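Peer 1: Have a look at this one.
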Amino acid sequence: MGDIVKKLRVAAIGLGWVALHRHLPVMRRSADFEVVGVIDRSPGRAQEVALQRGYKHFAETSNLSSVEWLKDVDVITVATAPMSHYSIIRQSLELGKHVLTEKPFTMTVAEGEELVRIAEERNLQLAIVHNFQFARSTKLLLSEIATGKLGKLRAINAVQFGNPGRRLPAWYDELPLGLMYDESPHLLYLIRAVAGDIQLVRSLTHSSTMGLNTPARIDAYFESPNFDGPITLNCNFESPVSEWYLMVFGEKRLGIVDVFRDIYISLPDDGAHRTAQVFRTSLTATFQHFWQHLVSGIPHLRGGLFYGNDEVFSRFARAIRGSVEELAPIGAGSALAVLRLQHAIIVHQERQGPKAV
């Protein structure tokens, strides 16, 4: 029999929706982790979760040095509001803990660079939850690109529609450009998964029509040394429906990742766009869409559709145990690259529409 690998002992900090429905369930199912305690500043929250889920320890604080049981922890996961990420991650690293944090990484590029430096100096793993690149749908897209099924790539377009009435964290509009800062990392790292390193060319923002800090619309244009075609990010934050798509246009096929539903649609070249070809496109899209509703929908109903979070945690564990190459797509380099793109969009934005309230 092989050696039994000791589980990594975890303290989970921040007990909002993401932690309760993604991080903690993934770790519960994993052979790599053991959650020994939870921490949250909200009165009674950590105790309630610890009792419900059978965790040994809990604490109600933002001062980690006051939590005596953290001496028995190897890893800290961070799912607090973004404004507290820098403080929590820094404290965790200074206590000698490996850290996996939710996006967005930090509030400034300087904060992110400092945390990366501390992790490197202390030989600790610092990673970020850039999970959708490991979802089943994205993997199908990347596989078709790798095998040449799409042909030469001509363009990449990431699109977000956001309904301001959907379930959103209370703090989102306090962030730079509001919801854009919280949600854009997902689409930015998905673009990077296809195009590699990208740089901002232009950023346009249209002020909110609802008096919000979050713009009504953001359009960002990028270029890449590895990609000749146009690369765009288009976000409408005042939409009546919420949808996220990553579309990759090849000379042979169009690949579409429906991010929310974890569905991948691959459509063939429709040539002259005659009736038969249009019908084929419609039939292909309809079949793939409804078939994958079953493929992704059943796990979702059973509480087992984690949109790549399971692979994020698995890669993080393997990196801690020595396979550091596993960390590249979610490592400190990826966290900083996306953070810099976010701030480039903010700094270089060209405002359109009515003056922001």
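The values are calculated or read from the model by the stated rules, or taken from the named source; none is laboratory data. No experiment lies behind these values; they were computed from the predicted model shown. Reconstructed Cβ throughout: ideal geometry from the backbone, glycine too, with neighbour counts over all protein chains shown. Note: accessible area is taken over every heavy atom of the protein model, side chains too, but ligands, DNA and RNA are not part of it. Shrake-Rupley method; radii C 1.70, N 1.55, O 1.52, S 1.80 Å.
Peer 1: State in Å² the accessible area per residue of the chain; use a 1.4 Å probe, count heavy atoms of protein chains only, and round to the nearest integer.
Peer 2: Per residue, the chain has an accessible area of 46 Å².
Peer 1: Just want to confirm a number: the relative contact order over the chain, from Cα pairs under 8 angstrom separated by 6+ residues, in percent.
Peer 2: 19 percent
Peer 1: Further question on the same structure: Taking Cα atoms of the range 211-341, Rg/Rh with Kirkwood Rh, to two decimals?
Peer 2: So for the range 211-341, dividing Rg by the Kirkwood Rh gives 1.02.
Peer 1: For residue 243, what is the net charge nearby, where nearby means another residue's Cβ is under 14 Å from its Cβ and Lys, Arg count +1, Asp, Glu -1?
Peer 2: Net charge around residue 243: -2.
Peer 1: Sticking with this one: Not counting ligands, DNA or RNA, and with a 1.4 Å probe, what is residue 325's accessible surface area in Å² rounded to the nearest 10?
Peer 2: About 120 Å², ignoring ligands and nucleic acids.
Peer 1: Build a GNM of the chain with springs between Cα atoms under 10 Å: which of 219, 197, 228 gets the top mean-square fluctuation?
Peer 2: Maximum among the listed residues: 228.
Peer 1: Rounded to the nearest 20 Debye, what is the dipole magnitude of the range 232-357 about its Cα centre when Lys and Arg each give +1 and Asp and Glu each give -1 at the C-beta?
Peer 2: 60 debye
Peer 1: Could you please report the charge total around residue 135, scoring K, R as +1 and D, E as -1 over all other residues with beta-carbon less than 13 angstrom from its beta-carbon?
Peer 2: 0
Peer 1: Quick check for me: using +1 on Lys/Arg Cβ and -1 on Asp/Glu Cβ, what's the dipole size of the chain about its Cα centre, in debye to the nearest 20?
Peer 2: 740 debye
Peer 1: Could you tell me the relative contact order of the range 146-260? Use alpha-carbon pairs under 8 Å, at least six residues apart, and round to a whole percent.
Peer 2: With pairs under 8 Å counted, the relative contact order is 41 percent.
Peer 1: Further, regarding this structure: Mind giving me the nanometre distance, one decimal, between the label points for residue 289 and residue 163, set 7 Å out from Cα along Cα→Cβ?
Peer 2: The two pseudo-label positions are separated by 1.7 nm.
Peer 1: Would you kindly calculate the mean projected area, averaged across all directions, of the convex hull enclosing the Cα atoms of the range 86-191, in square nanometres?
Peer 2: 9.2 nm²
Peer 1: Would you mind calculating the relative contact order of the range 219-357 from Cα pairs under 8 angstrom and at least 6 residues apart, reporting the percent as a whole number?
Peer 2: 11 percent
Peer 1: OK, next. Expressed as a whole percentage, what fraction of the accessible surface of the range 160-293 belongs to carbon and sulfur atoms when a 1.4 Å probe is rolled over the protein heavy atoms?
Peer 2: Here it works out to 57 percent.
Peer 1: If you take the Cα atoms of the chain, find Rg, then find the Kirkwood Rh from the mean of 1/r over all pairs, what is Rg/Rh?
Peer 2: Computed over Cα atoms, the ratio is 0.98.
Peer 1: Using only helices, what value at 222 nm comes out for the chain when you add -39,500 (n - 2.57) per DSSP H run of length 4 or more and divide by the total residues, to the nearest 500 deg cm²/dmol?
Peer 2: -11000 deg cm²/dmol
Peer 1: Just order 262-275, 180-193, 73-86 by mean Cβ neighbour count inside 10 Å, highest at the front, would you?
Peer 2: Final packing ranking: 180-193, 73-86, 262-275.
Peer 1: Where is the GNM fluctuation largest for the chain (alpha-carbon springs, 10 angstrom cutoff): 194, 241, 99?
Peer 2: 241
Peer 1: Follow-up. Applying a 10 Å radius around every beta-carbon, put 347-353, 24-30, 124-130 in order of their mean neighbour count, most first.
Peer 2: 124-130, 24-30, 347-353
Peer 1: Can you check what the net charge comes to around residue 195, using other residues whose Cβ is under 11 Å from the Cβ of residue 195 (Lys, Arg +1; Asp, Glu -1)?
Peer 2: -2
Peer 1: Hey, how many Å between the Cα centroid of the range 169-240 and the Cα centroid of the range 110-125?
Peer 2: Here the two parts' Cα centres lie 26 Å apart.
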